[in-house]
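A.B. asks: Dropping the structure in here first, questions after.
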Amino acid sequence: MTDTIFSASLSLTSLFAGALGLSLLIRFWLSSRQIRHVAQHRDAVPAAFADSISLAAHQKAADYTVAKARLGLIEMALGVVVLLGWTLLGGLSVLNQALAQAMGLGMGMGQQLALLVSFVVISGAIDLPLSWYQTFVLEQRFGFNKMSFRLWLADLLKSGLIGALIGLPIVALILWMMAATGSLWWLWAWLFWMGFNLLLLVIYPTLIAPLFNKFAPLEDETLRARVTALMQRCGFSAKGFFVMDGSKRSAHANAYFTGFGAAKRVVFYDTLLAKLSAPEVDAVLAHELGHFKHKHIIKRIVSMFALSLAGFALLGYLTRQVWFYTGLGVQPNLASSNAALALLLFMLALPVFSFFISPLLAQLSRKHEFEADAYAVRQTSAQDLSTALLKLYEDNASTLTPDPLYVRFYYSHPGASERLARMRGMTPAAA
């Protein structure tokens, strides 16, 4: 290794370790603040919600939030240990060399795919105990889990099979592009990746989602007439209104738009329809329509295009730098392709650095939520949207007293107090 490569490698190691350590400290500090703040406000319902939320519900939300945050601390610590194990401690390098010795294929396509598959399987096995604990201990304790172990296992196997059937051909094609399309491979790979994501928006609602849940047409004639009238009034159309059997997995409630273009559909959880009145369902749907009215979906897709283009371009540069591999604890293959190694290292390192821009992305998301709320209030009423959100906060055990700094850093949706206070200051268009 030349002095220049050694120096660059050492610099990357130092930068990666420093960013990882700093992000760990910030995450631990924020989580500790959240736990303390929620616990300190556990014994009294905020005055603004005293007439709507019982003390028992407020305390359940506080206990649930604290329990999730404490589990998050364990996940955080495990994640850092695993990340260091894969990178600076040489785990990925050991796995790569072991496969090279076992398969003897000179880092051909088969060996590179084997490396990726082995990494995914090992990572999944490491995550499995905490995933099981979250579902069958934490969610069970607070009455949210409705899944049997058999269903949980079936979902796991189904997800793995779908991931393999879809993911392996995609990864194989990207690896081929990296080897066969020259120095601009990253541009071709980006174009393919974006095309695939757009296709997924179209096929997911009708081909993939039904593999996990049942989607029945909305049978309530009165409600269907209401939401149809609302969408027509707002200038929207959808391929259909569906009710999803979310209750077979969880007691949490939700509603969402899915699909793209002519494939858009409105999906209501059965748990949501069981808890909200028809005007409240209207208000929740109007909020989702607000995202489309303000072109939030298009803006997010464009942002994803731009960020992913930058990411692919950066990866295209890094794949040719020896110090990129050695600086992250991996000895590259000098006589054959390092494409799979580069993909894995980039995937492992990127979240460490992108963590520091997450508050900006969260702030933008909260801005979009405020805009969608304002649109819903103009189309329905602040009262219906407020009561619907309060029911959802209570039903999902979402704390009403999060730490303000934690909200600013992490929350993609505004905190309840800030959200409802702003909503009450809005005036419907008909008023």
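A.B. asks: Residues that are under 18 Å from Ala255 (Cβ atoms), assigned to a helix (DSSP H, G or I) and more than 25 Å from the chain's Cα centre (by Cα): does the range 387-399 have at least one?
C.D. replies: yes
A.B. asks: Scan the range 188-213 residue by residue and report those that are over 22 Å from the mean Cα position of the chain (by Cα) and either surrounded by 16 or more Cβ atoms within 10 Å (Cβ to Cβ) or not in a helix (DSSP H, G or I) (or both).
C.D. replies: Within the range 188-213, Trp188, Ala189 meet the criteria.
A.B. asks: Check Met109, Met103 and return the single one that is over 25 Å from the mean Cα position of the chain (by Cα) and free of Cβ contacts under 8 Å to residues at least 40 places away in the same chain.
C.D. replies: Numbers: Met109 fails: free of Cβ contacts under 8 Å to residues at least 40 places away in the same chain.
Met103 is the lone residue from the list that is over 25 Å from the mean Cα position of the chain (by Cα) and free of Cβ contacts under 8 Å to residues at least 40 places away in the same chain.
A.B. asks: Just checking, how many residues over the range 262-308 are under 24 Å from Tyr393 (Cα atoms) and in contact with a Pro (Cβ under 9 Å, 6 or more places away or on another chain)?
C.D. replies: 1
A.B. asks: Moving on to the next point. For Met177, indicate whether it is in contact with a Ser or Thr (Cβ under 9 Å, 6 or more places away or on another chain) and aliphatic (A, V, I, L, M). Give the derivation first.
C.D. replies: Values: in contact with a Ser or Thr (Cβ under 9 Å, 6 or more places away or on another chain): no; aliphatic (A, V, I, L, M): yes.
So Met177 does not fit the description; no.
A.B. asks: May I ask you to say which residue of Leu71, Leu84 is farther than 15 Å from Ala397 by Cβ, aliphatic (A, V, I, L, M), surrounded by 15 or more Cβ atoms within 10 Å (Cβ to Cβ) and in contact (Cβ under 8 Å) with a residue 24 or more places away in the chain?
C.D. replies: Numbers: Leu71 fails: farther than 15 Å from Ala397 by Cβ.
Testing whether each residue is farther than 15 Å from Ala397 by Cβ, aliphatic (A, V, I, L, M), surrounded by 15 or more Cβ atoms within 10 Å (Cβ to Cβ) and in contact (Cβ under 8 Å) with a residue 24 or more places away in the chain leaves just Leu84.
A.B. asks: Output the residues belonging to the range 329-380 that are small (Gly, Ala, Ser) and touching an Asp or Glu at 6+ places or on another chain (Cβ under 9 Å).
C.D. replies: Kept after step one, since they are small (Gly, Ala, Ser), are these residues of the range 329-380: 329, 335-337, 339-340, 342, 349, 354, 358, 362, 365, 372, 374, 376.
Across the range 329-380, the qualifying residues are Ala372, Ala376.
A.B. asks: Right, something else. Does Gln232 fit the bill of being touching a residue at least 12 places away in the same chain (Cβ under 8 Å) and surrounded by fewer than 17 Cβ atoms within 10 Å (Cβ to Cβ)?
C.D. replies: Working: touching a residue at least 12 places away in the same chain (Cβ under 8 Å): no; surrounded by fewer than 17 Cβ atoms within 10 Å (Cβ to Cβ): yes.
Answer is no for this residue.
A.B. asks: Looking at (1) part of a helix (DSSP H, G or I); (2) in contact with a helix residue (DSSP H, G or I) (Cβ under 8 Å, 6 or more places away or on another chain), which is the one condition that is false for Pro351?
C.D. replies: Going through the list (1) part of a helix (DSSP H, G or I); (2) in contact with a helix residue (DSSP H, G or I) (Cβ under 8 Å, 6 or more places away or on another chain), Pro351 breaks only (2).
Values in this text are rule-based calculations from the coordinates and carry no lab data. Quick caveat, the model's predicted, so the values are computed rather than measured. When we count neighbours, we look across all protein chains shown, and the Cβ atoms used for this are built from the backbone with ideal geometry, even at glycine.
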